[in-house]
Structure formats: structure tokens, C-alpha cells
Amino acid sequence: MSHPGILYPKMTVIGCGLIGGSIIRAAREHGVVGHVTVADSSEANRARVSELGLAEHVTGDIGEAVKDADLVVIATPVLSTPEVAAALAPHMKAGATLTDVGSTKANVVEAFKALDLSKVFVIPGHPIAGTEQSGPDAGFAELFENRWTILTPAESDDEAYAAAVAKLSTFWRTFGAQVELMDDKHHDLVLAVVSHLPHLIAYTIVGSAADLENVTESEVIKFSASGFRDFTRIAASDPTMWRDIFVANKDAVLEMLGRFTEDLQAMSRAIRWGDADTLHAHFTRTRAIRRGIVAAGQESAEPNFGRDRGKH
């Protein structure tokens, strides 16, 4: 999209991992922020952020970090959001925008509602982008290109709030992201299907393979060019972040897990009884979903997902 100029003269990012670091890099590359402050509880992360030159100011003090900020982005694991929000609430200036990047939204909305943030535009968010890497070095400006960012704004007739939502939407679109507005509880149900349950399955199957005594670790690694390798990529994701997601989105995940378990039992019956027609019909339907994802530009149709590019 066209260059909108500086949208937020001062941006503060709390937690500089993959997403926080990518937001800073993208915002700088597209010139939509001026001064950048990073607050991080890890001394090692703060030192690395300084070495990388990601921010003009780096601190461990959240209150100090958000003072005078026009945009504050909470980019810490979701269970820490209430504590982080409580630390910043008294220090944010009137008219600033507060958002987050968490994979669950209902718990974040509740945490924000429990605080006095009436002078601030609170707009929870979730960029659906990432890799299995983490930490300040993991970020890159292109992470959000052609990916969706979901915002879950409050229902409001306030024109100033609507303008703040529009500005934050522009911020994300500048990075190449597509923006969708959604109810927070609906977001959590959708993400339970497309992200949380797949991660739970990946963590479980990789763990199961590791526990099988009759399959040695060397065999698991050696033959992982089959489907197992793709599970290991997902299962290598940040354990703290995913622990928090499953605790925070318990109800939606359990509902989807129940449905999945029923479907898995149906597949088990079809295999047991040699029901080839049922298996073929199911695999044909799911193959069409894959083609739809590729057609929507959310994945590469290249062999091996394009991962072999540059190897030859």
C-alpha cells in the first residue's frame, strides 16, 4: 500500500521476541513510527536489543517505557498480559493506543476491562504470523506480508475510537498484512481450529514418537523427510508462549479437541473395517482445503513448500 508517513511518533514495544522485533523492523522499514522504546524483563534480551540497534531506548521499567508513547504494543506471552497491563495503565498518556499481539483475545479483553484505561484507545490484536524461532534476533520486517492481522475492538459509537481503529489497521496494512475486525470470543474459537489444535497435535505426535521404545531417535531423525518433519517444525515453537495459549484458551481448545477426537474415531473405524470409500472421500475433501489455502496466497504450491529453494 502507499506510504502513510509517521502514524505514531513514539512506539513502545513490551517484549522483544519474534513478533515484537518484527513489528519494530517493519515499522522502521515503512517509516510509520519515529522514536522506538523497548521494555523487556530479560536483561539478556535488553542487551541484545541494544546491540541490534532496534530501539532508541531500552528499559526493564514498563511504566517508564510507556510514558509519552502514542502506540504501546504488548508482545509478551498471553498469561503475562494482565500483569503487564496493570503496570502500564497508570502511566499511559491520554489519547494513546494500546494493543497486543496475543493468540488469545477473550482473556486479554477481560484483563484490560479490569483496569482504568478510559483515557486510552484499547484495541486488542493478533497478527497471524510467525516461525518456530524466538528472541530479539528472530524478527524480520517481511513477517506480516500477505498474512492476516485480526483486531478485536470494543463495540463503540465513539468517532475518536473508530479513528484509532482505522489508524491501527493502516499501521498493519502498511506491513503488507490484511486486517479483519472480529469479536474476541469468535476469534478464540477460530484460532482454536486453525492454530491451537494443530499445535497441540504436533506437540503430541512428536512426543509420542520420542516415547516409542521400538523406534530409535536416530530413525525418527533419519526418516523425517516424511510427514513427521513438518510436525517437528510446529512442535519446535516457543514452549512458554504455547503453554500460555492453551491455559488461556482452554474452553475453545477443549471443544475443538472433542470434535477432533470424534472425527479421529470415525477414521479409526474406517481403517479397521477397510472402508476404502470413506477414507478416499475424506482425503479428497481435505485435499481441496489445501488447494484453497494455496489459492488464497497463504502457502506456496511449490514442491516441499518451497523450502528447497536455493539449495541447488
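Among the residues of the stretch 5-20, is there at least one that is more than 20 Å from ASP70 (Cβ to Cβ) and touching a helix residue (DSSP H, G or I) at 6+ places or on another chain (Cβ under 6 Å)? Yes, that holds for at least one residue. The listed residues are ARG243, ARG233, and the only one of them that is closer than 30 Å to PRO153 by Cα and of a type in the set (Lys, Arg) turns out to be ARG243. Considering HIS199, HIS186, the condition of being free of Cβ contacts under 8 Å to residues at least 60 places away in the same chain, of a type outside the set (A, V, I, L, M, F, W, C), closer than 30 Å to GLY297 by Cα and open to solvent by 60 Å² or more (accessible area, probe 1.4 Å) is satisfied by HIS186 alone. Can you tell which of VAL220, VAL194, VAL122 is open to solvent by 70 Å² or more (accessible area, probe 1.4 Å), on the phi < 0 side of the Ramachandran plot and either touching a strand residue (DSSP E or B) at 6+ places or on another chain (Cβ under 6 Å) or hydrophobic (A, V, I, L, M, F, W, C) (or both)? Going through VAL220, VAL194, VAL122 in turn, just one is open to solvent by 70 Å² or more (accessible area, probe 1.4 Å), on the phi < 0 side of the Ramachandran plot and either touching a strand residue (DSSP E or B) at 6+ places or on another chain (Cβ under 6 Å) or hydrophobic (A, V, I, L, M, F, W, C) (or both): VAL194. Applying the set (1) farther than 24 Å from VAL33 by Cβ; (2) in a helix (DSSP H, G or I); (3) β-branched (Val, Ile, Thr) to VAL108 leaves exactly one unmet item: (1). When the stretch 243-281 is filtered for residues that are open to solvent by less than 60 Å² (accessible area, probe 1.4 Å), closer than 23 Å to HIS199 by Cβ and assigned to a helix (DSSP H, G or I), the ones remaining, listed by number, are ASP244, ILE245, PHE246, ALA248, ALA252, VAL253, MET256, LEU257, GLY258, ALA266, MET267, SER268. Summed over the stretch 230-242, the residues that are closer than 14 Å to LEU197 by Cα and either open to solvent by 60 Å² or more (accessible area, probe 1.4 Å) or free of Cβ contacts under 8 Å to residues at least 24 places away in the same chain (or both) give a count of 1. Of the strands (runs of 3 or more DSSP E) that lie entirely inside the stretch 1-105, those containing 1 or more residues that are farther than 26 Å from TRP242 by Cα, open to solvent by 30 Å² or more (accessible area, probe 1.4 Å) and free of Cβ contacts under 8 Å to residues at least 40 places away in the same chain span 33-39, 57-59. Candidates in the stretch 148-177 are the residues that are polar (S, T, N, Q) and surrounded by fewer than 16 Cβ atoms within 10 Å (Cβ to Cβ); of these, the one that is modelled with the lowest pLDDT is SER156.
The values are calculated or read from the model by the stated rules, or taken from the named source; none is laboratory data. Fair warning: this is a prediction, and the values are worked out from it, not measured in the lab. Ideal geometry is used to build each Cβ from the backbone, glycine not excepted, and the neighbour counts take in all protein chains shown. Please note that ligands, DNA and RNA were not included when accessible areas were found on the heavy atoms of the full protein model with its side chains. Shrake-Rupley method; radii C 1.70, N 1.55, O 1.52, S 1.80 Å.
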